[in-house]
Structures are given as structure tokens and as C-alpha cells.
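Written below as C-alpha cells is the structure these notes are about.
What follows is calculated from the coordinates using simple rules that are stated; it is not laboratory data. Please read these numbers as outputs of a predicted model, since none were measured by experiment. Using ideal geometry, Cβ is built from the backbone for each residue, glycine included, and neighbour counts are taken over all protein chains shown.
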Amino acid sequence: MISVEQALEKILAHVEVLEGEQSPILGCLGQVLVEDVYSSIDVPPLDNAAMDGYALRSRDTRGASRQSPRFLRVIGMVAAGSISERALEPGTAIRIMTGAPIPKGADSVVRFEDTDEVLRRGSSIGQQLPAEIGIFCDAEAGLNIRRAGEDITKGSIVLTKGVVIRPSEVGVLASLGRSTVMVIRRPVVAILATGDELVDINQPLPLGKIYDSNTYSVAALVMRYGGIPRILGIALDSEDSVVARLHQGLDADMLITTGGVSAGDYDVVKDVLVKQGKIAFWSVRMKPGKPLAFGTIRGVSKAGIARNIPHLGLPGNPVSSMITFELFVRPAILKMMGKKNLAKPTIEAVIEDPIVNNDGRRILARAVVEKRGSQYFARLTGPQGSGILTSMTLANGLVIIPEDKERVKAGDVVQIMMLDWSEE
Ligand code: AMP
Ligand code: MG
């Protein structure tokens, strides 16, 4: 039996970074940029006001103070989104709102609080403008002015190839007027559940059957890590049935089956992998998740080109399929998406329950991890049976017990692979 690391290495060796595609900016959160993004404009495009106030010539305010204001004639007003048609002459000011372009002749904006604006409400030209305004401060040139290009200068590189798109990158792209961008495309992951006992959630549940939950937990995981799930449905425990369904997914970037890999009478997935492709391994030294098969299946791309598609045969047990997904499918999806950091975050925590490891496998135990003071503590979620899927809803981390560690005592420090951080 191979180790978790060896298994991951083999899987990643068969997985390639996908090609780029033009994508709407809101569709590419979490995707990797494959172009250097340059700006064709200055952002902001023009010098503009950082405050609501009066645009003026700083020279006209020399020596001004609250006790001896300088009075300027108000010749107009300019709001964000418009351009003042008036230029400032000596002794004049233009009322200006935040974001409005600075009128010609002005080199400074004095905010309302530093003027006698409040005293003048009511005594207005038209509705809004006072005839003159008293300025209380000696303004230096450039006061409260945001310079054209101060955020982004025209022609400069704004985002570089390899960056992962987050909300801030989406915002920056929008500020350049970009509606689409080149990113590595999302992998399409075909998902097939196997088992005579399975029924789809849209059907009534006959006696002796169970609902297929793996399709949905796996599809949700695919989505969480940025892939596109393609649900192939449920195959019976026969080679023909599995092959027929799998054929619907041969243009996907990855195939995932669940079930049919344990050493029972119906471990058909292994046979299918052997006959339809190449099997690389079929068990891993871990618990849960030992019956994990991996290989490649011959398929065709959308463009009709023959290729080998990585196929992960996850165990049928609902907990095992989720945990093996986190360990093996997640990094494969991230690699296909061009990500560099494939490891799930791990932390050290004090374990509050003892764990016994008597068969030399790596244990991944479901745990509730919490921070008290500056230290993390972890307790088990309860019974660790691989069929107890609700334990995954309680867990936010997996305690990792090494293969050669026979006993962990309460109070020992252990490694935890975090499944969720509370802020997620
Ligand atoms: P298998 O690996 O096919 O032997 O399945 C192991 C256990 O997981 C059995 O109890 C199955 O009934 C259960 N199981 C397999 N596939 C699913 C599924 N898609 N949804 C829920 N339980 C499943
Ligand atoms: Mg089965």
C-alpha cells in the first residue's frame, strides 16, 4: 500500500494546468490570471476633489484664518461627473463636490468646515450658491486634490500573470473598464455514483435503498474549490452500467466515481479502470479512505483529440469520499487551475481526546478545533464511523495521526488539517 504522499504525487503527475480563456470579471473569482493587465487610462482620469468644499487659487488664501477670513467671489459649482465650464480668476472660487474634476485655474480645495459656508445657507444665488465665501485657512497648493493617475497611470502594468483573482482584483479590473480577462479555465469534473442501493434525491426511497449523497457532497466540493461539476448520475454495480455512464463524461477534465472500489464482490470501478485505461493504484495507507483507486481513462477532448483523463475512484462511504476529496482531488483541481499553493492549511493544536492507531495507517480524525487564548484545542466530533456524514458537519478540521504513531494522549500536540476557518 502506498502512502498519502506517494498517492498525491502520482495523481498530480497525471494532472496538467489547463489553458486560458476570456472570462467575465465576475465569473473568475479564485481563478489565475494568464495575462499581464495594462491600463489604457489614468485612474482617476483627471485631478479631482478629495473633499466637498471650494476650489480656489491657493495664493488667494495667504494669511487667511478664522479671525481674518479671505473672501472670494463664488462663480459656479461643479459636481462629480461634470466639468466646470468656468475657469478661476484671481479672487474667485467654485463650489466643488468630492470626485468632481478640479476647474481650470484652481490648485487647491478648501473643505466646507474651513469656510463660512454654514453662515451663508439661505443667502444664495439661485438655490445653492452664496455670492461669496469666507476662507478660514491658508491653503497650500495641492490641498485636498487627488491627482490624475494617482491610483493607476496610463500604460502601467496593474495586475501580473499568475495573480489569483479576489474581489479587489475584480474591482481594479472594473476601474480600468475591463469587462473580461484571460484566466486559466475552470476544470469540468464529471461525477458518477456507483451502487445498486442508490436512489437519486428526486425520487421516493424504496425499502432497502439509500439516497445518493456522495454525488452532492462531491459536486459541492468541486464547486467550493473552483471546478465545474458535471453530474453523471448513478451507475449500477456492473461494468456495463459504469462504462455506459462514464462515457457521458469523457470530455471532462477529470472523472470521479464514488463506491465500487472496496474489496467486495462489486468492486467494479477497479475493473473498469483496468480495462478502459490504466490503473496506477487502488489503495492508500490511510484511514478513512484506504480503498482509493487512481488511474487514467482514454477519452476525447471537446475538440475531438484523444487523451487520458485522470480518474479518481473515491470510496463509497460518505465520509471517506469527502476526506479523500480534500486530500487528493482538491490539490488536483487547484493544479489544473494554475494554483501554486496546493496544500490545505495545517495548524498545531492540543488534542483533548486520546486516539489509538493500531493498523499502521495515517488517521484523519474529524475534530472540532477552537482557539482559546493563543492556543488551538481540538476534540473529536464523536463516533468516527465512515458512514456518519453528520460528523463532517460538526468538524472544522482533521487531526492527522502519523502511520507509526500508535497512541496519542489527551494533552498531546497534534497537526490539524483545517477544513474551514470560521471567517469563510
Ligand atoms: P462501496 O465503496 O461501494 O462498498 O460503498 C461503501 C458504503 O458507502 C456502502 O455502505 C454504500 O452504501 C455507501 N455508499 C456508496 N455510495 C454512496 C453514495 N453515493 N451515497 C451514499 N452512500 C453511499
Ligand atoms: Mg458499492
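Start at zero, step by 10 Å, and the Cα-Cα distances of the stretch 273-359 spread as 15, 33, 35, 12, 4, 1 percent across the bins.
Between Asp271 and Leu119, the contour length at 0.36 nm per residue exceeds the alpha carbon distance by 45.9 nm.
The label point for Gln248 and the one for Arg59, both projected 7 Å from the Cα toward the Cβ, are 7.9 nm apart.
The alpha carbon centroids of the stretch 77-110 and the stretch 355-404 are separated by 64 Å.
Scan the chain and hand back the longest stretch that contains none of the trypsin sites (Lys or Arg not before Pro) lying in DSSP loops with at most 11 other Cβ atoms within 10 Å. The reported range is 122-301.
How much length would be gained if the chain were fully extended between Thr390 and Gln6, taking 0.36 nm per residue of separation minus their Cα-Cα distance, in nm to one decimal? Kindly include the intermediate steps, with their values, before the conclusion.
Values: separation 384, 0.36 × 384 = 138.24 nm, distance 2.98 nm.
Gain on extension, Thr390 to Gln6, equals 135.3 nm.
Note on Met97/Thr346: beta-carbon distance plugged into 1/(1 + (r/R0)^6) with R0 of 41 Å gives a FRET efficiency of 0.20.
Using a/c under 1.5 as the rounded threshold, could you call the stretch 41-96 rounded, prolate or oblate? The axes a ≥ b ≥ c are square roots of the C-alpha gyration tensor eigenvalues, and prolate needs a/b larger than b/c, oblate otherwise. Could you put the intermediate results ahead of the total?
Values: a/c = 2.36, a/b = 1.85, b/c = 1.27.
Prolate.
In summary, the aspartates and glutamates within cross-link reach of Lys154, defined as a Cα separation below 15 angstrom excluding same-chain residues under 8 places away, comprise Asp36, Asp42, Asp47.
Hey, what number do you get for the chain at 222 nm if only DSSP H runs of n ≥ 4 count, each worth -39500 (n - 2.57), divided across all residues, to the nearest 500? Each step should come with its number before you reach the end.
Details: 8 runs with 67 residues, N = 424.
It lands at -4500 deg cm²/dmol.
Using the crude model of +1 on Lys and Arg Cβ and -1 on Asp and Glu Cβ, and no other charge, please compute the dipole size for the stretch 248-333 relative to its Cα centre, in debye to 20. Please report the intermediate quantities before stating the final value.
Numbers: 10 positive and 6 negative charges, 48 e Å.
In total the dipole reaches around 240 debye.
For the options Ala87, Ala332, Ala55, a Gaussian network treatment of the chain with springs between C-alpha atoms closer than 10 Å singles out Ala87 as fluctuating the most. The alpha carbon convex hull volume per residue for the stretch 270-424 rounds to 137 Å³. Debye-formula intensities of the stretch 1-155, expressed as log10 I(q)/I(0) at q = 0.13, 0.14, 0.16 Å⁻¹, are -0.67, -0.73, -0.87 (one equal scatterer per alpha-carbon, no solvent). Based on Cα atoms of the chain, Rg over Rh with Rh as the Kirkwood radius reads 1.22. With the simple model of a label 7 Å out from the Cα in the direction of the Cβ, Ser301 to Val356 spans 5.4 nm. Volume of the convex hull of the stretch 79-125 (Cα atoms only), normalised per residue: 101 Å³.
When N is the residue count of the stretch 345-424, what does its C-alpha Rg come to as a fraction of 2.2 N^0.38 Å? Don't jump to the answer; show the numbers that get you there.
Values: Rg = 12.0 Å, N = 80, 2.2 N^0.38 = 11.6 Å.
This ratio for the stretch 345-424 stands at 1.03.
Relative to the Cα centre, what is the charge dipole magnitude of the chain, using +1 at the beta carbon of each Lys and Arg, -1 at the beta carbon of each Asp and Glu, and rounding to the nearest 20 debye? Please report the intermediate quantities before stating the final value.
On the way: 48 positive and 49 negative charges, 97 e Å.
That gives the chain a dipole magnitude of about 460 debye.
Legend: Rg and Dmax of the stretch 1-88, from Cα coordinates, 28.9, 88 Å. Computed over the stretch 251-313, the P(r) curve from all C-alpha pair distances, binned at 10 Å from the origin, holds 24, 50, 21, 5 percent per bin. The GluC sites (Glu not before Pro) of the stretch 70-145 that meet both conditions, a loop assignment by DSSP and at most 12 other Cβ atoms within 10 Å of the site Cβ, are Glu85, Glu140. Helix 4-13 and the long axis of the chain differ in direction by around 70°, with both axes built from C-alpha atoms.
Taking the square roots of five times each eigenvalue of the Cα gyration tensor of the stretch 200-261, the equivalent ellipsoid has semi-axes of 21, 17, 9 Å, listed largest first.
A Förster radius of 30 Å combined with the Cβ-Cβ distance from Glu85 to Tyr38 puts the calculated FRET efficiency at roughly 0.35.
Largest first and in whole Å, give the semi-axes of the stretch 1-42's equivalent ellipsoid, each being the square root of 5 times a Cα gyration tensor eigenvalue. Walk me through the numbers before you get to the answer.
Details: eigenvalues 262, 22, 18 Å².
The three semi-axes for the stretch 1-42 are 36, 10, 10 Å.
Computed across the stretch 90-239, the Kirkwood radius stands at 22.6 Å (inverse of mean 1/r, all Cα pairs).
Between Ile228 and Gln67, the distance separating the two model label sites (each 7 Å from Cα on the Cα→Cβ line) works out to 7.3 nm. Note down the Stokes-Einstein diffusion coefficient of the stretch 105-190 in µm²/s, whole number, using a Kirkwood radius over alpha carbon pairs, 37 °C, and 0.692 mPa s. Answer from the Stokes-Einstein relation: 183 µm²/s.
When the stretch 1-156 is described by a simple charge dipole with +1 on each Lys and Arg Cβ and -1 on each Asp and Glu Cβ, the residue from Leu119, Val43, Ser58 located farthest towards its positive end is Leu119.
In the structure shown, the pairs Lys10/Lys405; Lys290/Lys405; Lys344/Lys409; Lys161/Lys335 are assessed against 20 Å; a Cα-Cα span above that value is assigned to Lys10/Lys405; Lys344/Lys409.
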